[in-house]
Amino acid sequence: MRQECSINADLGLRSGDHVCCLYENEQQRAEVIIPFISQGIAAGERVLFLGEPGSMAALREELDPLLAGMRTATNDPLVVISRDRMGISRKHFEPEMVLDLLDREIRRAASAGYNSLRVASEMSWILEAVSSVTPLIEYESRLDEFLQVNQVSTICQYDRRRFDADLIMGALHCHPLVMVDNEAMRNVYYVPSEELLSPKRTELMIERSLDSLRTIRRAELIQKDNEARYRELVAMSPNAVMLVKDGVIASLNRPATKLFGAESDEELTGRSLADLVEADSLGDTQQCFRLVEEGQVIPPREMVVRRLDGGSVITESAAMPLELGGVHYALVVSTDVTLERRMAEELRNSESRFRAVVELAPSMVMIHQDGCFTYLNPAAVEKFGAGSLDELIGAPFRARLPAEYRDGALGEGDGSAPDERVTAVIEQRLLRLDGLPFDVELAAIPLRFGGQRLKLVVAHDITERKRAEKEVRRLNEELERLVAVRTVEYERTDRELVDFCYAISHELRAPVARLQGFSEALREECADCKEELSKFFMERIEVASLQLQKVIESILTLSRLSRVELKNEEVNLSGVARQIAATLLDVHPERRVEFVIAPDVFAMGDPLLLSICLENLLVNAHKYTLRAGNARIEFGIGWQRGGVAHYVRDNGVGFDMAYADQLFVPFQRLHRQEEYAGTGIGLAIVQRIVERHGGSVWAEAIEGEGATFWFTLR
């Protein structure tokens, strides 16, 4: 029957090992012998099988594929030697004969080109050759000495179904190694050959047994003490510690209980750890436990656990195999790193946002350490005229300063010194790589990052602004020159205007007064004259003289308004308007005019000039309501053009708004003199007064329905 085993299983044997293989069925034997033989052949060794040919036949089917390409007519890597060839007969066994046989086979293997010899001995043949355990002990002890000298690996196979207990115990005493679960382990029952073959074997074995008992007791005490210390350390540990057996939580400390959101250990003891691990971490966790079962230590790795309240916690967990009281566990130590992970994520996000802002910033951002660049953003690379960042990294910051700024007082506070001071915004000049200068506003902030002292420098290119400031200064200087010239011209013009007004006052007023006197005398002289035409001409001369005198007075008033010194007082405009209205009603009793004056209208300004302003507006409204059936004149305030404005409104003849821009031009009239008498300067006087108070004046009208004059004061 074909044996199900792996010829690649590593038995962990070395040259010179002497192993006792105890088996209870052919499957167990094949799982040891087939790998032992196949690995020896693969390593260039000759394998010697001692025993009955029939005991080897069951293994041939597994080994034939391996041996097929290695056998020759004169050489076979696997040699089977039966009991007859070893010179063993019933009830007679000489260990020396077997050792001589092995010695010869070692030399033959070497002469045939093999590295060494390994021996697989099926010990069932010895059952008929020995009657007590003593010959077996003698043989195995002598074989142990022989193997150590000749470096030959040997497995002695004992079928527990055929050997009695005394022989099995004797075999265990003679072998340094024993196969357990297909693994060669150190045999704690092994007794060296010099002791087994000694005449005092029994006394020595008793002493050895007592030493073993003492050793076991000390080991138990040490283990018990270690377990107590372990439990104390686990209880005091700030980390979550769990003992896991076959994937189930066997015990845990208080931090582990809190980690999972439990109130007591009982809520978690006996639960599968897989049920408390998030799905994303489950596969990795199960793989780790498989490795721990194989004896491996798992270094810290991330694991996301599920709390009993439904939340989750990110942990760094490590695991290792641990034996307590003969029971194998997986020791799991976990640290809650949720906060650290979240803070790290926030830091990464913050760094990403900061880097994005810095990379896209139009200003220059530079970091230097010990005066040398370690970082520049794209704007700084471009401003310095570099083709790439590598041209500037590691270069000294001061190399980008003009010579006069590199040393001495001018270098203080420019951001190049590795000090701890915060540099306020200063103006500085930097140099491009091609040597061209440019101006910046610069600030520097000391930083500590990763234990290193750095400096962050932020600079904004102000070259264009400096050029514009220079141009503004030039224009200001030019403007000041022009203002000086214009001032001289204005002063000359003002003097000419004063002279002109003086001429009008003295040169025109006197002739006009004489003309007026002569016309009046002539009218008295011709009072009895019956010539009507002459009377008419004399009246026209007198009227024209009066009109000319009024025009002269108005021109003088208009000219004085530009030079009079303003007073700034609170003026009751409502009271001024009422006085003007009362005067108009007294002077023109034949007129029926309704005046509507808003109460408590105050303004800051020159009392005299504001009175003249209101007088001209009210007289103007009184004149142009002459033909209105129910004349009405209003004074008040309202909201116009985003602020408070004063107004004078009437229901007179109004005017065409197409000619509104002519209203405030001296001597420009929208009505004939014969219809409405006047000098044509009144509204120009109003405009001059309002403008001197920092305000403006405008008119709104509908022809035939009236007009409203608005004015503002500063």
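The values are calculated or read from the model by the stated rules, or taken from the named source; none is laboratory data. These numbers were taken from a predicted model, which means no experiment stands behind them. Methodologically, a virtual Cβ is constructed for each residue, glycine included, from the backbone with ideal geometry; neighbour enumeration extends over all protein chains shown.
Considering only residues of segment 1-28 that are buried (at least 19 other Cβ atoms within 10 Å of the Cβ) and in contact with a Ser or Thr (Cβ under 9 Å, 6 or more places away or on another chain), which is modelled with the lowest pLDDT?
13
Out of segment 563-603, which residues are acidic (Asp, Glu), under 15 Å from residue 625 (Cβ atoms) and at pLDDT below 90? Outline the logic, then answer.
So the first thing to find is which residues in segment 563-603 are acidic (Asp, Glu), and the list is 565, 569-570, 586, 590, 594, 600.
Then drop every residue that is not under 15 Å from residue 625 (Cβ atoms), which leaves 590, 594.
Of everything in segment 563-603, just one residue is acidic (Asp, Glu), under 15 Å from residue 625 (Cβ atoms) and at pLDDT below 90, namely 590.
Does segment 608-618 contain any residue that is out of contact with any His (no Cβ under 6 Å at 6 or more places or on another chain), touching a residue at least 60 places away in the same chain (Cβ under 8 Å) and among the hydroxyl-bearing types (Ser, Thr, Tyr)?
no
If I ask for residues that are assigned to a helix (DSSP H, G or I) and under 24 Å from residue 377 (Cα atoms), which ones from segment 452-485 would you list? Before you say what the answer is, go through the steps one by one.
Quick first cut of segment 452-485, residues assigned to a helix (DSSP H, G or I) only: 463-485.
Correct list: 463, 464, 465, 466.
Considering segment 432-445 alone, what residues qualify as being farther than 19 Å from residue 386 by Cβ and surrounded by fewer than 15 Cβ atoms within 10 Å (Cβ to Cβ)? Steps first, please.
Keep residues of segment 432-445 that are farther than 19 Å from residue 386 by Cβ, which gives 441, 443-445.
Of everything in segment 432-445, just one residue is farther than 19 Å from residue 386 by Cβ and surrounded by fewer than 15 Cβ atoms within 10 Å (Cβ to Cβ), namely 445.
In contact with a Gly (Cβ under 9 Å, 6 or more places away or on another chain), at pLDDT 85 or above and hydrophobic (A, V, I, L, M, F, W, C), is that true of residue 482?
For residue 482, the condition - in contact with a Gly (Cβ under 9 Å, 6 or more places away or on another chain), at pLDDT 85 or above and hydrophobic (A, V, I, L, M, F, W, C) - is not met.
Quick one: how many residues across segment 158-183 are closer than 17 Å to residue 24 by Cα and not in a helix (DSSP H, G or I)? Before the answer, list the steps.
Initial filter on segment 158-183 (closer than 17 Å to residue 24 by Cα): 158-169, 171-172, 178-183.
From what's left, not in a helix (DSSP H, G or I): 158-164, 178-183.
So the answer is 13.
Just checking, which of 155, 137, 106 is in contact with a helix residue (DSSP H, G or I) (Cβ under 7 Å, 6 or more places away or on another chain), surrounded by 21 or more Cβ atoms within 10 Å (Cβ to Cβ) and either part of a helix (DSSP H, G or I) or without any contact (Cβ under 8 Å) to a residue 60 or more places away in the chain (or both)?
Working: 155 fails: either part of a helix (DSSP H, G or I) or without any contact (Cβ under 8 Å) to a residue 60 or more places away in the chain (or both); 106 fails: surrounded by 21 or more Cβ atoms within 10 Å (Cβ to Cβ).
Exactly one of 155, 137, 106 is in contact with a helix residue (DSSP H, G or I) (Cβ under 7 Å, 6 or more places away or on another chain), surrounded by 21 or more Cβ atoms within 10 Å (Cβ to Cβ) and either part of a helix (DSSP H, G or I) or without any contact (Cβ under 8 Å) to a residue 60 or more places away in the chain (or both), namely 137.
Please work out which residue is surrounded by the fewest Cβ atoms within 10 Å (Cβ to Cβ), limiting yourself to segment 607-643 and to residues that are closer than 15 Å to residue 581 by Cα and charged (D, E, K, R).
Filtering first and then ranking leaves 632.
Filter segment 92-112 down to residues that are closer than 25 Å to residue 59 by Cα and small (Gly, Ala, Ser), then give me how many there are.
2
Can you pull out the residues in segment 603-645 that are more than 25 Å from residue 704 (Cβ to Cβ), under 60 Å from the mean Cα position of the chain (by Cα) and assigned to a strand (DSSP E or B)? Steps first, please.
Here is the first cut: in segment 603-645, the ones more than 25 Å from residue 704 (Cβ to Cβ) are 603-615, 637, 639, 641-644.
Filter again for under 60 Å from the mean Cα position of the chain (by Cα), leaving 603-604, 637, 639, 641-644.
Across segment 603-645, the qualifying residues are 603, 604, 637, 639, 643, 644.
Quick grid of which residues meet (1) part of a loop (DSSP other than H, G, I, E, B); (2) under 30 Å from residue 462 (Cβ atoms); (3) not assigned by TED's automatic domain parsing to the domain that holds residue 252:
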residue	(1), (2), (3)
328	no, no, no
332	no, no, no
348	no, no, yes
355	no, yes, yes
367	no, yes, yes
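Just need a number here: residues in segment 287-306 that are farther than 17 Å from residue 337 by Cα, aliphatic (A, V, I, L, M) and either modelled with pLDDT of 85 or more or exposed (fewer than 13 other Cβ atoms within 10 Å of the Cβ) (or both).
Applying the first criterion (farther than 17 Å from residue 337 by Cα) to segment 287-306 yields 287-298.
In the following step, the residues that additionally are aliphatic (A, V, I, L, M) were identified as 291-292, 297-298.
Now restrict to residues that are either modelled with pLDDT of 85 or more or exposed (fewer than 13 other Cβ atoms within 10 Å of the Cβ) (or both): 297.
Qualifying residue count for the region: 1.
Give segment 13-48 a look and list any residue that's in a loop (DSSP other than H, G, I, E, B), farther than 18 Å from residue 107 by Cα and over 60 Å from the mean Cα position of the chain (by Cα), or say none.
17, 24, 25
Looking at 284, 336, 280, 309, can you tell me which residue is free of Cβ contacts under 8 Å to residues at least 24 places away in the same chain and either within 30 Å of residue 250 (Cα to Cα) or surrounded by 17 or more Cβ atoms within 10 Å (Cβ to Cβ) (or both)? Don't jump to the end; show me each part of the working.
Values: 336 fails: free of Cβ contacts under 8 Å to residues at least 24 places away in the same chain; 280 fails: free of Cβ contacts under 8 Å to residues at least 24 places away in the same chain; 309 fails: free of Cβ contacts under 8 Å to residues at least 24 places away in the same chain.
Being free of Cβ contacts under 8 Å to residues at least 24 places away in the same chain and either within 30 Å of residue 250 (Cα to Cα) or surrounded by 17 or more Cβ atoms within 10 Å (Cβ to Cβ) (or both) holds for just one of 284, 336, 280, 309, which is 284.
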